[in-house]
Each structure stands twice: as C-alpha cells, then as structure tokens.
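Could you have a look at this structure, given as structure tokens, before my questions?
Just so it is clear, none of the values below were taken in a lab; they were calculated from the coordinates. As the structure is a computational prediction, the values presented were derived from the model and not from experiment. Positions of Cβ are generated from backbone atoms using ideal geometry, with glycine treated the same way; all protein chains shown enter the neighbour counts.
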Amino acid sequence: MKVPTEQSSPSPLFFKRLLSASVSLTCHLIVVGVVLSFLLLPSCKSNSPLAKKVDTFFQSKRYKRAVKQRDSLLQVCSTLKADTTELGKNLRASNEAYSSLDSRYKLLDDKYAKLANTSDRKLEKLSTALEAKSKELDSKERMLHSQEKKLQEMQAIISRQDSVTSRLNAIVKDALLGFKSDELSVKVKNGKVYVSMSDKLLFKSGSAAVEPKGLEAIQKLAEVLNKNTDIDIFIEGHTDNVPIKTAHYADNWDLSVARATNIVRLLIEKYTVNPKRLTASGKGEYFPVASNDTPEGRAKNRRTEIVLSPKLDELFDLLQRKR
C-alpha cells in the first residue's frame, strides 16, 4: 500500500483501505493471541496425575471457549468487513455525488454570476435610458406648454385684428357708399381690407393724373385713414396686358408705378396722411383679376388697389419675444 507523502493529501480511498487493513489485522491478532494462550498455559501447570486431569479438563474448556471466541470474533470480523465494504461503497457513491453536485453548483454559480452581471448592466442601461426619456418628455411637455401659451396669445392678437378689420371694412364701405360697383369695390381678404378703384374712376387712358371724381373717393378714404391711425396703407397700381409706350411712360409697369406714386403724394400732401404708413408699388400687368382676352376683363384689370392692413407690430413683437 502506497503511503501519501507530505506533499500530497490522503484520499478517501486511502483511509478506507487503511481501515479495512486495521480491522483484518486486529481480528488475526486476537485469534493468534487466543491460540497462543491455549498452547502456553499448560506449560505452567504441574505434572501430577491430578493436575494433568484438571489441566486436561480446563484445557478442553478453554479450547472450546477459545474456539467459540475465535468463531465469534471471525463472525465479527466478517461483519466488520462487510460493513466496511458497504461503507466504502457508500463513501465512493457519496464522493461521486458530491463531486457531481459540486461541479454543477460551480457551473450554476458561474452562470448566475454572469447573468447577474449582465442583468445589472441591462438594468443600469435601462434606468439611464428611462431617465433620459423622462427628462426628454419633461422638456417636451414644457415646450408644448410654452407653444400652447404662445398659440393662445397669437390667436388672441389675430382675433383682435380680425375684429379691427371687420370694423374697418364697415367704416370704409359706409364712407364710399356713393360710388358705383363698377367704379369701386370694398372686400376683406387675408385679414386685410382691399379698396379697388377702377381706371374709369381715377385715370384717363395712359395717364397717371387723378380725375376729379377719383379725388373725391380718395378724400373720403383719407378721412377714414386719418381717424384710424393703427392701419398700414399699401397703394398698388395694376394695368391690363395691352402694351403702351408714350412720351412719359415706357411700358405698363412704368405707368402702374406712376399711378400708385401719385395717389401716395395726394394722401400725404393734400390729405396729410402720415407718410410712414404708406407704401407705393407698381404691379403692371402681372396680377390680373380677370382674363385679358375680353374688353370687360381688361377693364377690371386696369385698377388701383388700396390695401388697408391692421398693424402687426404686436404679433411681430410676440414672435420675436418667443424665439
């Protein structure tokens, strides 16, 4: 039997074999001791006949007792061997089961550690993502609230301007009530009041000088404008598409600019309208309201539009402030 050195630890199999050898050796020593005692004891007795008889008698008893003890000890030894063998089997089975369970435990523990580590990282990422989303939603909610407030303010301003436009439309229509529909029209479009004066009312063909009846219409309009100072005024000259070329005007565009500019001068010089409120522009033939293929359509296109727009300063200030 190989004895483990100081460098290696004894295995369970080593201890099992050592136990089995010890039990077997003990049983043999007991049997040998009984036999020796049986053989040696007679030498200590007397050689007389009576002693011999007594010795023979006791020797026979001792022998039987020794044999019985030997048989009993052999049975005990057999039982111990059987128990030792069974314990060895159980020990090996237990060791194998323990080794298998220990391997499985280490494998599961390693998997658990990896899963726990992965789970922690995922939870950390998820927590970070949720926190970022929460901040983003809070920011968007604040932005939405700000936009809603801004929209409400804009709607309130537009509502006030629509009210001003409607009131101005009614005032202008009342002031220009005496003119015919083919001479002058008043309508609201895109939040502005459009006063459209025909060529027939204002000018002679190819001329930018305002006719007397046209002066009357401009005077009535100027009275309204001077009473409503929160209105911006745009004067736009329009022509048909029939080409012209005179000593004063090179083309229709030149004529449309001159007509718009002359009306602006009248409003400033004769009717004292604040020039900062006025803008003159010539549109030529490029913004017709009817077809230029008929005399009626061309007559409608030869017009001067005076566009009255409520000031948008309040709305612009709001937009500028909210940027």
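Over the Cα atoms of the range 176-321, compute the convex hull volume and normalise it per residue, giving Å³. All intermediate terms of the calculation are to be shown ahead of the outcome.
Working: hull volume 17.9 nm³, N = 146.
Expressed per residue, the convex hull around the Cα atoms of the range 176-321 is 122 Å³.
With a Förster radius of 30 Å, plug the Cβ-Cβ distance of residue 122 and residue 143 into 1/(1 + (r/R0)^6) and report the FRET value to the nearest 0.05. Could you put the intermediate results ahead of the total?
Working: r = 31 Å, r/R0 = 1.03.
Here the calculated transfer efficiency is 0.45.
Something else: For the range 154-160, in order, what is each residue's ³J(HN,Hα) by Karplus, 6.51 cos²θ - 1.76 cosθ + 1.60 with θ = phi - 60°, in whole Hz (x at glycine and Pro)?
These are the phi-based 3J(HN,Hα) values: 5, 4, 5, 5, 4, 4, 5 Hz.
Order these by the 10 Å Cβ neighbour count, fewest first: 261, 165, 128.
Details: 261 16, 165 20, 128 10.
Exposure proxy ranking, most exposed first: 128, 261, 165.
What number in nm² do you get for the range 66-154 if you take the convex hull of its Cα atoms and divide its surface by four?
Numbers: hull surface 38.1 nm².
Taking the Cα atoms of the range 66-154, their convex hull projects to 9.5 nm² on average.
Given a Förster distance of 25 angstrom, what is the FRET efficiency for residue 251 paired with residue 216, based on the Cβ-Cβ distance and rounded to 0.05? Walk me through the numbers before you get to the answer.
On the way: r = 30 Å, r/R0 = 1.19.
E between residue 251 and residue 216, to the nearest 0.05, is 0.25.
Using 7 Å Cα-to-Cβ label points, what is the residue 136/residue 115 separation (nm, one decimal)?
Calculated label separation equals 3.1 nm.
Most exposed first by the Cβ proxy, i.e. fewest other Cβ within 10 Å, how do 70, 302, 92 rank? Display every interim value, and only then the final one.
Working: 70 17, 302 23, 92 13.
With the fewest neighbours first, 70, 302, 92 line up as 92, 70, 302.
If you don't mind, another one. For 197, 143, which order do you get if you count the other beta carbons within 10 Å of each Cβ and list the fewest first? Spell out each step's value before the answer.
Working: 197 23, 143 10.
With the fewest neighbours first, 197, 143 line up as 143, 197.
Related question: Tell me, in nm to one decimal, what length is gained between residue 89 and residue 66 on full extension, where the rule is 0.36 nm per residue of separation less the Cα-Cα distance? Could you put the intermediate results ahead of the total?
Numbers: separation 23, 0.36 × 23 = 8.28 nm, distance 3.36 nm.
Answer, rounded to one decimal: 4.9 nm.
Could you pull out every residue, at least 5 positions away or on a different chain, whose amide H is within less than 5 Å of the one on residue 282? Hs are placed 1.01 Å off N in the peptide plane, and Pro or chain starts have none.
237
Under 5 Å between amide hydrogens, which residues at least 5 positions from residue 203 or on another chain qualify, with H placed 1.01 Å from N in the peptide plane?
211
At a Förster radius of 41 Å, what calculated FRET efficiency corresponds to the Cβ-Cβ distance of residue 76 and residue 103, to the nearest 0.05? Write down the numbers at each step before the final one.
Numbers: r = 40 Å, r/R0 = 0.97.
According to the calculation, E is roughly 0.55.
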